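In what follows, a structure is listed as structure tokens, so that the remarks can point back to it.
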Amino acid sequence: MQPEPFLRRVLSFFTPRTLDRYLIAQVLPPFLVALCVVMSALLLERLLVLFNMLAAGNNHLFTFIGLLLTLLPHYLGLAIPAALCVSVFTVVRRMSQNEEIDAINSSGLSLLRVARPFVLMGCLLGLLSFFLYGFIQPHARYDFREALYTASHTGWAPRLQSRMFARPSANMTLLADHVDHAGSRLKDVFIRDTSNNRERVITAASGQIRIASDSSAVEIDLQNGTIVTDTGVGAPTLTRFEHATRLLTEASHISPFRARGDDERELTSKELVGRLVDHNAAISRPHMRSEVHFRLARSMTIPFIPVLAVALAIMRKRQQGSAGLVIAFLALVGFDHVLQFGHSMVATKNTSLMAIWVPAFVFIGLCSALLFYKSGAFQALHAQRLASRRKTLAQGEVSP
């Protein structure tokens, strides 16, 4: 019988079968739910800090949304490994409790075969993470810093106080009976505007001071008020409104933000490699080398996270519960901290790159060994070795 061609065997390996489609269909919903939960938990603290800072600076809501969008790639890179581990662990643990794993093993398929679609899913997410770490996050990190710089430097410096006159510009006087602590929400507002060779007296029940959406000016939103306009010709006119927006002053001028590339984390992987090849001295060479290898190591270890989850999710019979998920969580957090420590050591102390790759290979080896042990592969090899030894001894006793 002729052996099957190599290319056909490769295609057969990556072609999803009925079991693969079933397992992927089982793991996708909990993966998406876990991804959303982890992202929300990671973003919550940063969002509160940003919201308080932007509210104190009277910035527009669109500024807050823009900063939020630039944070998503960074926290997505942290959430993908955690969500992958939780979802695979949950699915395999449920299958183990419902004895689906036993039924699959009884049909002649090992635990390694069960883990294969999860590992392929991890490979796909690892490739996605490689582009995320190496190309999307650098631009997003720079955009966040630029937006934060703009938001923190555009604002109306004078802070309003209750029942005190303020002069936003040479032609405008502003007064409010009540002003909140942030100085942005006003009640019982009075404005006198003498611009354009006419006098306007504006009163409103409430108002809110904010930065314009394009950060070019400071404006005030007024609700439920009147405008008395005197042009000096004829009788003054009276206008009532429910909502009106008035320009208070142009936003303070700020110097443009620096160009992208002063930090190695703002450079894409292609740009880092190019600078290393060209011996560019703008950023220290150890920092760039460490960043490139750190991104590669993080991406390469993601396909082995499902291996760890599958191995820890298998339960012994009659076992009510185990600390498998806690162990997996501690392993991921500990590995991430060790990898970051190695990254900083290579960057600052100019140590060997083994400080990054040794933890990565140890993590890969331990995950693989644990799955082989849980699948019974080591026991099968040991039994095969014993059988081979007995056969050799038997043959030695039979021969004269």
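In table form, for the structure just shown:
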{"item": "Any chance residue 330 is in contact with a Gly (Cβ under 7 Å, 6 or more places away or on another chain), within 23 Å of residue 31 (Cα to Cα), in a helix (DSSP H, G or I) and at pLDDT 90 or above", "result": "no"}
{"item": "Of all residues making up the stretch 127-136, the number that are out of contact with any Phe, Trp or Tyr (no Cβ under 9 Å at 6 or more places or on another chain) and either crowded, with 21+ Cβ neighbours inside 10 Å or at positive phi (or both)", "result": "2"}
{"item": "Candidate set from the stretch 202-243 (those that are of a type in the set (Ser, Thr, Tyr) and touching a Phe, Trp or Tyr at 6+ places or on another chain (Cβ under 7 Å)); member that is surrounded by the fewest Cβ atoms within 10 Å (Cβ to Cβ)", "result": "213"}
{"item": "Residue 132, sole failed condition from (1) modelled with pLDDT under 95; (2) in a helix (DSSP H, G or I)", "result": "(1)"}
{"item": "Sole exception among (1) closer than 18 Å to residue 119 by Cα; (2) in contact with a Phe, Trp or Tyr (Cβ under 9 Å, 6 or more places away or on another chain); (3) at pLDDT below 80 for residue 377, by number", "result": "(2)"}
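So that you can scan it fast, the table gives a plain yes or no per residue for (1) within 10 Å of the chain's Cα centre (by Cα); (2) modelled with pLDDT of 90 or more; (3) buried (at least 21 other Cβ atoms within 10 Å of the Cβ):
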position	(1), (2), (3)
49	no, no, no
60	no, no, no
72	yes, yes, no
75	yes, yes, no
81	no, yes, yes
85	no, yes, yes
88	no, yes, yes
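A quick yes/no check of all residues on (1) in a strand (DSSP E or B); (2) at pLDDT 85 or above; (3) not small (Gly, Ala, Ser):
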site: 207; (1), (2), (3): yes, yes, no
site: 218; (1), (2), (3): yes, no, yes
site: 228; (1), (2), (3): yes, yes, yes
site: 233; (1), (2), (3): no, no, yes
site: 241; (1), (2), (3): yes, yes, yes
site: 248; (1), (2), (3): yes, no, yes
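The values are calculated or read from the model by the stated rules, or taken from the named source; none is laboratory data. Remember, predicted model here, so these are calculated numbers, not experimental data. Here Cβ is always computed from backbone atoms with ideal geometry, including for glycine, and neighbour counts include all displayed protein chains.
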